[in-house]
Every structure is written in C-alpha cells, then in structure tokens.
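The values are calculated or read from the model by the stated rules, or taken from the named source; none is laboratory data. The structure displayed is predicted, hence computed values, not measured ones. Using ideal geometry, Cβ is built from the backbone for each residue, glycine included, and neighbour counts are taken over all protein chains shown.
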Amino acid sequence: MENKIISNDEEKIVLSLEMKGEEWDQALADAYERTKGKFNIEGFRKGKAPRKVIEKFYGDNIFFEEAFNKSLTDFYINYLQENKEIKPLKSYPDFNIDEIGNNGYKVTMTIALTPKVELGEYKNIEVKKVKHDVTEEDVDREINNMLASQAKEVECELDKALDNGDIAVIDFDGTVNGERFEGGMAEDYPLEIGSHSFIDNFEDQMIGMKKGDTKEVKVKFPENYGAKNLAGKDAVFYVTLKQINKKEIPELTDEFAKTMGEFEDAKALRAFIKSALVKQADTRAQHETENALVEKIVEKSKVKVPNEMVETQLDNIMHDLSYRLMYQGLSIEQYAKMMQTTVEKIREDKKADAEKAVRTRLILEEIIEKENLKISDEDIDARMRELAQGSHKSFEEFKKSLPKQQLDYIINDIIVNKLYDFLAKENKFVD
C-alpha cells in the first residue's frame, strides 16, 4: 500500500493511503475466502459458491468493505510497529474515503496523537502533611448514630399530642382544585414529624393533633416541583392521625455492647469505634496529602489537553452521575429539574473538573513512563489472591471468572499505588 505523509504536528499525523492493482485484487480475493461461508446461493452448498457468482448475485462491491477494513487495519498495526515513537490517542484512527472501486481505493487517515507532556519538578517537593484528629465528641457522635440505628418504635399513650420527633401513622387524601391527583392518597403512612419529607409546612400543621383526629392541611407545591401539573399549585390534604409512635433509643451499656459483636463491655466497644475512626481519618489525611503533592506536580508541568479527551472524560462523569442517581430512583433529567437547571448546564459546569482530571492523568502517566514503573504478573496474582480471599473463592476460580474490565481496573490500581509509593519516597512531607 502506497502512503505519504500530508502533515505531521504535535496533535496529529495525516496520511494519504492508496491501494490499487494487483494488491487490491488480492485483498478482494482474501476477503472472499474469509467470508464466503456467510453466503447462501441456490444450487451451491454453503461456502462453495464461486466468487463471480456471489458478486453477480449481491453486486460487484460485495467484498469491498471486508477488503478495505482488513487492509486498513493491517496497515495501521504495521505502521505503529515500525514507528514505535508514535503514541496514538485512540485505539483506531479516523479516516475519510476519497475513492473506492474495482481498481482500488484512496483514503486519508488521521492519527490523533497523545499530547506531549513537559514535566516540571516532581521530586524533592515539600508538602505539608494533612492530619485529622479524632475527638471524643466524634466518638460520641458515632455511638449516638449507632444507638439511633438500633432504636425501636413504640406506640405512645392515647392522649399524647403529636410533636417534633414523633412518628405519625396517617391516612391522607389530597386534592388540587377539588380534584384528586396521582400519588396524593395513602393509608397507614409513617411520617416522622420534623423530617421535612413532605412539602411546605405540612408537618408543622400536624403538631398538636391526637390519635383519631382529622385535620385539613393546606399547602402549596414548589414552583420547581417534579410533576408539572402540580408545580406551584395550592393543595388541600385531609389527614387522619391513626397512631403516634416514638423511638426508644437504647443506652450504651455492657449488655448492649455484647449484642453488637465480640465486645466484653461498653468500654471495649467505644475503643473499637475510636480505633475505626482514627483509621478512617488517617486514610483520608493520607489521600489529601497525596492529592496536595499531585496538584503541585501538575502546577509545575505543562501539557495541551485535547478537547476530544475532555469530552470523553465528561461522558464518563455524566454516566457516573446518572448511575448514582438511578439508585436514588431519579433520572438525570429529573435531578436537573430539582436543581432548577438543565442537563446541558450540569455538563458544562463539570467541564473544568474533566479538563483537570485529564491533565492530571497525562502528567502522572508521563512520570510512570519516565521512571519505568512497571508491574509484574506476580504483582497482579498477589492482588487477585487478596480479592479471591475476600470473595471466598479459590485463586483459580476467581482468576477464571474475572471480567476483563475488572482486570484492567486491578492493573491500573496496582500501577497507581506504585506511582504513589515512588512519589512518597522522592518527596518531603512535613508536619
């Protein structure tokens, strides 16, 4: 295949490629051999029809696409092997077909290049070590949260007046302009007064009600309410209070501690909680210290980030956001309405984060390459053995069932850890 460089700069290489004559004839013949088994021609066994018969039945150009794709892919692979200094941005180049026919084809191929990084100083940088202390108040807060999670609901006495913190079990029937609406009616609904989970001052108007009381509650839907037919509308709810419950929160006693695990007493449980909080705080502090170092390295380095990479990173960010919202029962469009914005505006607002993420990744990858930081099969196997143990599988079972995407994640995680270990040794962390 004839090829010549049209242009070559830091961002891309543009090539003109031409295949014709005997070379193109051979490519078509090879395409016939690879694909003839797909064609059913009456009078011939599958895969036995001659090429001329297939071309007469399906058209002269039936093998063009297969021959074109295979020859172009083979050229691209060989071109990269012969020019190892080329670092393509994408796994496959862009191309434009200028001519194609029985005599051959001519195509313009564009190879987008990974941008060059001018590394600044990344060794002997002084970074202030982040430290997060764990106070007794932090431990108390965690214990209180744990106790609250073990609370039990008990019914209050008959003449109890509803107040903040109580659980009201209610029937309600809502109307707008005298007409019921979807989702406006329920029975035996548990509502924690003061949680503000209902619109407007719905819960406030219920304070003081007693078991068996019925009350007319008047509220207004927010202007940005998800259901457009209700947004900004006045509503009337007829509420019947059927029961008042309250939460009974247990006390931290030795007996309670024993129910939470293998703890001798409350003191042992408290010590365990404090130890866990200290570990979390130390891990967070370490990550923040590492991030501070990386930011300094990024500030000292230069790289021109291609917009194409930023858009790809933005796609990933938006996909991740959509995935997390899905678990909350929301679409990204519903989330945008709640935030009084648009999906397009959310994407635009995250563009700076995407650009920063790509810039950081390119600079760190340059350090990995320059310092020849590599991982071995032993490194990968060791990590997989850890993960296999956690999943209660044998190493062989875990390795066999591991999807490629997860394997790529493991490999990336190992090399990132090697990079941070290297940076930790080569830089100074001060208190």
Of the conditions (1) touching a Leu at 6+ places or on another chain (Cβ under 7 Å); (2) more than 19 Å from T73 (Cα to Cα); (3) surrounded by 17 or more Cβ atoms within 10 Å (Cβ to Cβ), the single one that M1 does not satisfy is (2)
The stretch 1-84: helices (runs of 4 or more DSSP H) wholly inside it with 2 or more residues that are hydroxyl-bearing (S, T, Y) and closer than 20 Å to T110 by Cβ are 64-82
Here is a check on your reading of the model: is K400 more than 27 Å from L321 (Cα to Cα), in contact with a helix residue (DSSP H, G or I) (Cβ under 8 Å, 6 or more places away or on another chain), at pLDDT below 90 and not assigned by TED's automatic domain parsing to the domain that holds E85? no
Checked against (1) charged (D, E, K, R); (2) in contact with a Leu (Cβ under 8 Å, 6 or more places away or on another chain); (3) at pLDDT 95 or above, K123 satisfies every condition except (2)
Residue hits (the stretch 361-410; β-branched (V, I, T) and either touching a strand residue (DSSP E or B) at 6+ places or on another chain (Cβ under 8 Å) or not in a helix (DSSP H, G or I) (or both)) are I363, I375
TODO: Go through the residues of the stretch 269-284 one by one and say whether even a single one is surrounded by fewer than 17 Cβ atoms within 10 Å (Cβ to Cβ), over 15 Å from V134 (Cβ atoms), out of contact with any Phe, Trp or Tyr (no Cβ under 8 Å at 6 or more places or on another chain) and of a type outside the set (F, W, Y).
DONE: no
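What are the residues in the stretch 19-32 that are free of Cβ contacts under 8 Å to residues at least 24 places away in the same chain and either touching a Cys at 6+ places or on another chain (Cβ under 9 Å) or surrounded by 11 or more Cβ atoms within 10 Å (Cβ to Cβ) (or both), if any?
So the first thing to find is which residues in the stretch 19-32 are free of Cβ contacts under 8 Å to residues at least 24 places away in the same chain, and the list is 22, 25-26, 29.
D25, Q26, A29 - these are the residues of the stretch 19-32 that are free of Cβ contacts under 8 Å to residues at least 24 places away in the same chain and either touching a Cys at 6+ places or on another chain (Cβ under 9 Å) or surrounded by 11 or more Cβ atoms within 10 Å (Cβ to Cβ) (or both).
If we keep just the residues of the stretch 57-79 that are hydroxyl-bearing (S, T, Y) and loosely packed, with under 13 Cβ neighbours inside 10 Å, which is modelled with the lowest pLDDT? Write out each step before concluding.
Residues of the stretch 57-79 that are hydroxyl-bearing (S, T, Y), as a first pass: 58, 71, 73, 76, 79.
With the extra rule that they be loosely packed, with under 13 Cβ neighbours inside 10 Å, the set shrinks to 58, 73.
On the way: Y58: 92, T73: 95.
Per the stated criteria, the residue is Y58.
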Legend entry - Filter result for D413 (at pLDDT below 95 and within 21 Å of H287 (Cα to Cα)): yes
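Hey, can you tell me all the residues within the stretch 420-431 that are more than 15 Å from K296 (Cβ to Cβ) and either in a helix (DSSP H, G or I) or not assigned by TED's automatic domain parsing to the domain that holds A388 (or both)? Steps first, answer last, please.
If we filter the stretch 420-431 for residues that are more than 15 Å from K296 (Cβ to Cβ), which is where we start, we get 421-422, 425, 431.
The answer is D421, F422, K425.
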Next on the checklist: So for the stretch 329-344 (the condition being assigned to a helix (DSSP H, G or I), among the hydroxyl-bearing types (S, T, Y) and loosely packed, with under 13 Cβ neighbours inside 10 Å), does at least one residue qualify?
Outcome noted: no
When (1) over 30 Å from D204 (Cβ atoms); (2) modelled with pLDDT under 95; (3) surrounded by 14 or more Cβ atoms within 10 Å (Cβ to Cβ) are applied to Y92, the one that fails is (3)
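Conditions (1) modelled with pLDDT under 95; (2) not aliphatic (A, V, I, L, M), marked per residue:
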position: M309; (1), (2): yes, no
position: T312; (1), (2): yes, yes
position: L330; (1), (2): yes, no
position: K351; (1), (2): no, yes
position: K356; (1), (2): no, yes
position: K374; (1), (2): yes, yes
position: R385; (1), (2): yes, yes
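Report those strands (runs of 3 or more DSSP E) wholly inside the stretch 115-220 carrying at least 1 residues which are exposed (fewer than 13 other Cβ atoms within 10 Å of the Cβ). Before the answer, list the steps.
On the way: elements: 126-128, 152-155, 167-176, 179-192, 214-220.
Here the list reads 126-128, 152-155, 179-192, 214-220.
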Subset of the stretch 370-405, residues surrounded by fewer than 12 Cβ atoms within 10 Å (Cβ to Cβ) and closer than 30 Å to P306 by Cα, comes to K370, N372, K374, K404, Q405
